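The values are calculated or read from the model by the stated rules, or taken from the named source; none is laboratory data. This one's a predicted model, so the numbers in the text were calculated from it and none came from an experiment. These accessible areas exclude ligands, DNA and RNA; they are computed on the full protein's heavy atoms, side chains included. Shrake-Rupley method; radii C 1.70, N 1.55, O 1.52, S 1.80 Å.
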Amino acid sequence: MTTRTSRSPRWPWVLLAISAAVAVTAAMVVGPDAVQGQLSRILYVHVPSAWLAFTAFGVTMLMSAMYLWKRDLAWDRRAHASAEIGVVFTGLAIGLGMIWAKPTWGVWWTWDARLTLTAIMFFVYLGYLALRRTTDDLEARAKRAAILGVLAVVQVPLVHFSVVWWRTLHQPPTLIKPEGIDMDASMFVTLMVSLAAFTTAYVAMMYKRVELARLEDELLVAERSTDGPVAGAAVSTPSIDGGA
Amino acid sequence: MTVPDTLVELSDVAVSAGSTTILRDVDFTVSSGEAVGVFGANGAGKTTLLRLIATLVRPSSGSGSILGAALNTSDVIDVRPAIGYVGHLPGLLPELTLIENLQLHAKLQRRDPEHARSALASVGLGGAADRLAERCSHGMQRRTEFAKVLMAGPKLLLLDEPHSALDQDAVDLVDALVERTVGAGGAAVLVSHDRPSVNAVATRTVEIADGQLR
Amino acid sequence: MPSAEQWNWVFLAYAFTYVVLVVFVASIAVRINAARQRLGADE
Amino acid sequence: MTGFWAQVAVIARTELVRERRAGQVLWITIPFGAIAILLVPIAIGTDAPMLRRIGPGLFWMVVMLFGVLVAVRRSSLDTLPVRDQLALAGVDPAAAYVGRAAAAFVLLLAFEVVVGLAAVLVYDLGSGLLIAPATLLLAAAGLALLGTLAASIVSAGRDGSALVPLLVAPLSVPLLIGATQAHEAFELGRSSLGWVLMMVVTTVVLAIAGVLSAGPLQETG
């Protein structure tokens with residue numbers, strides 16, 4: 001009754017190993033920024049992780065919408081996988097932002113609009129993951145998570161807009177922003193290489209995480225059908241009275 | 001509304017929740033004037049079958065119609081007021097009194113709530129009308145459910161374990177309700193694990209096991 | 001800030017990135033193995 | 001369409017009758033919010049000018065964090081037998097959602113008024129707080145819609161009540177910013193209109209999202 005899950009492919013990991021090696025080398029040898037000095041090298045991990053965090057959540061929204069349309073659990077598993085990876089990259093981006101902020105501005109945290117929004121997103125999707133833990137009914141879980149995934153679509157732009165408007169009134173943008181770095185061609189190329197390596201990491205993780213989601217679903221089904229009276233696709237057997 | 005001759009028609013219907021199949025290969029027809037008893041062990045799919053007929057569960061495959069409205073379409077909303085469903089557990093709001101529960105139901109169906117008190121009296125709860133539902137016994141709550149059905153006068157009566165938690169008076173009342181509905185050209189489906197109690201009123205019986213009728 | 005100290009922060013950032021991503025991938029692998037084992041035990 | 005609003009009214013009234021009898025918001029949530037207002041000076045100091053300055057922000061924070069509890073309250077409307085009965089009575093899921101949100105709106109307004117009065121007295125706030133009925137109404141409406149939606153999203157699962165505040169808090173940021181900034185703009189003699197409009201947009205968006213997801217959320221399984 002349980003279809004053996006095929007293992008996710010190996011090629012993304014090979015590609016990741018190569019691209020990560022190239023990206024780290026490039027990030028270490030490229031010339032330092034005139035203003036930021038060696039610290040500018042943090043750019044090559046901070047910006048890609050922030051970018052991927054938002055991409056991952058975007059994928060979650062798309063997959064949620066696909067689930068609501070098609071009602072196929074495969075879309076739900078992709079939404080789930082992407083959300084979890086997104087939360088990890090969001091945490092990474094926030095952590096790296098802090099590591100960059102401390103030597104640059106002397107504080108771990110600034111109320112930059114983008115940083116604030118990232119932190120809020122972190123909690124929105126933490127809530128999404130928590131919601132998924134509240135029921136074992138695959139369909140109900142998928143539907144509820146998808147509705148929250150789409151609710152985030154409509155609400156997050158409002159959060160973004162309100163935060164940006166709030167900060168523009170309260171904080172004149174005097175600080176050096178990461179994206180304020182005057183980027184020459186070699187830095188830009190390095191950033192792109194790094195972005196490619198991070199995206200490869202995302203793809204490789206997606207394959208693995210979707211495989212895990214599939215296994216977990218199979219496990220739930222298997223555990224349910226061994227104690228339930230009506231097995232998934234099993235040959236029906238005469239029921240013993242009170243067998244439930 | 002006009003009642004079609006065939007009140008329930010299910011053909012090759014399956015119901016699954018998640019990846020578990022609860023009902024499958026269900027072919028089931030109930031005609032006007034019938035009271036069908038459905039027997040089966042706990043977990044055989046009785047309650048799901050009843051909720052399927054009550055349009056509360058969607059079939060995952062197959063087709064069917066209830067009171068002439070095709071399942072899985074929005075037409076079922078129009079026929080719901082003609083369905084009298086009494087589930088295994090009472091569906092009363094605990095913080096409302098018995099009479100308020102009946103009035104709420106009537107108002108939601110846009111019917112006159114005036115007969116609520118006499119309906120309660122006819123199930124022997126005239127004296128408890130203003131008691132909060134949460135302070136009533138399980139049996140009293142079930143009687144109130146039957147009063148709700150009595151007020152609505154449904155064409156299709158769906159009863160889950162109709163005699164559980166009821167004393168003999170109430171059992172007779174339920175049986176009379178079934179006979180009255182069936183006599184008026186309606187139909188009833190009664191599911192139970194307790195064969196003798198339902199045999200008395202059923203005009204026909206079927207068995208359900210492992211989610212299949214036989 | 002002297003260049004050497006800046007390099008320390010850079011290494012901290014890269015080490016942090018490495019640890020977070022490796023721990024996450026490892027957690028997926030561990031969970032996959034656990035699920036496979038339990039599925040195997042069921043059959 | 002009259003059927004829809006009649007159902008909304010019946011559901012909202014039923015919810016309020018339930019609340020009047022159970023008294024959960026009146027006797028638990030509102031006093032809890034009021035004591036939160038008292039706890040802050042105990043924690044950070046009783047310097048009057050400082051409390052006057054941060055008071056409005058504290059008030060709104062208490063409304064957002066504790067007001068959520070109004071939406072979290074367990075409703076017997078969520079149990080399966082009751083949902084079955086309501087569905088058979090022909091209740092439109094969207095009408096049930098709007099009705100419950102309307103009841104939560106009324107309860108949240110009461111919460112805001114009591115906690116607001118406590119804040120005005122304890123922090124010696126000027127009239128500014130009470131001159132903003134628009135923000136009070138909009139915050140109550142937005143939070144009621146968001147909280148009711150979040151509560152119905154988690155209602156099927158276990159541990160649901162603990163999860164609702166986590167879902168609501170980050171998504172209520174536009175309401176919090178709108179309310180606090182409108183108040184600040186008002187105090188500084190600037191126009192609060194933009195902030196109020198932002199709250200209106202948020203509320204409308206939440207209402208649409210809630211009504212659209214009511215149907216799919218009601219299907220069981």
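Here is how the number arises for chain C: DSSP H runs of 4 or more residues each give -39500 (n - 2.57), the sum is divided by the residue count, and the result at 222 nm is -34500 deg cm²/dmol. The heavy atoms of A:TYR207 offer some 90 square angstrom of accessible surface to a 1.4 angstrom probe. Contact order for the range B:82-158, expressed relative to its length and based on alpha carbon pairs under 8 Å spaced 6+ residues apart, stands at 50 percent. For the chain pair C and A, the interface hides roughly 3100 square angstrom of accessible area in total, found with a 1.4 Å probe.
Distances between placed amide hydrogens fall under 5 Å for B:GLU207 paired with B:PHE39, B:ARG214, all partners being 5 or more residues away or on another chain. Of the cross-linked pairs A:LYS70/B:LYS107; A:LYS143/A:LYS208; A:LYS143/B:LYS148; B:LYS46/B:LYS155, those separated by over 31 Å at the C-alpha level are A:LYS70/B:LYS107; A:LYS143/B:LYS148. By the compact-protein rule of thumb, 2.2 N^0.38 Å, the alpha-carbon radius of gyration of the range D:1-121 corresponds to a ratio of 1.31.
If the chain linking B:ASP130 and B:THR203 were pulled fully straight, counting 0.36 nm for each residue of separation and taking away their Cα-Cα distance, it would gain 22.5 nm. Evaluated at q = 0.13, 0.14, 0.20 Å⁻¹, the base-10 log of the normalised Debye intensity for the range A:26-151, with identical point scatterers placed on the Cα atoms, takes the values -0.59, -0.66, -1.01.
Accessible surface for C:TRP7 stands near 60 Å², nearest 10, in the context of the full protein assembly shown (1.4 Å probe). Every helix of 4 or more DSSP H residues in chain D counts as -39500 (n - 2.57), and over all residues that averages to -27000 deg cm²/dmol at 222 nm.
Per residue of chain B, the DSSP helices (runs of n ≥ 4 H) give a summed -39500 (n - 2.57) that works out to -9000 deg cm²/dmol at 222 nm. The ellipsoid that matches the Cα gyration tensor of the range D:45-101 has semi-axes, each √(5λ) in whole angstrom, of 42, 11, 5, with the longest given first. Nonpolar atom fraction for the protein assembly as shown, defined as the carbon and sulfur part of the 1.4 Å probe accessible area, stands at 63 percent.
The alpha-carbon atoms of the protein assembly as shown define a convex hull whose volume equals 178 cubic angstrom per residue.
Both radii are taken from the alpha-carbon atoms of chain C; with Rh as the Kirkwood radius, Rg/Rh is 1.45.
Ligands, DNA and RNA are left out, and with a 1.4 angstrom probe the accessible area of the protein assembly as shown is 43 Å² per residue. Helices of chain D meeting both criteria, an alpha-carbon length of 15 angstrom or more along the long axis and an average Kyte-Doolittle score not below 0.5, with helices taken as full DSSP H segments, are D:30-44, D:48-72, D:93-122, D:133-154, D:160-171, D:173-187, D:193-218. Note on chain B: Rg/Rh from Cα positions, Kirkwood definition for Rh, rounded to two decimals, is 0.96.
Measuring only protein heavy atoms, the 1.4 Å probe finds B:HIS115 accessible over about 110 Å². Under Stokes-Einstein, with the Kirkwood radius over Cα pairs as Rh, the value for the range D:4-220 at 10 °C and 1.306 mPa s is 89 µm²/s.
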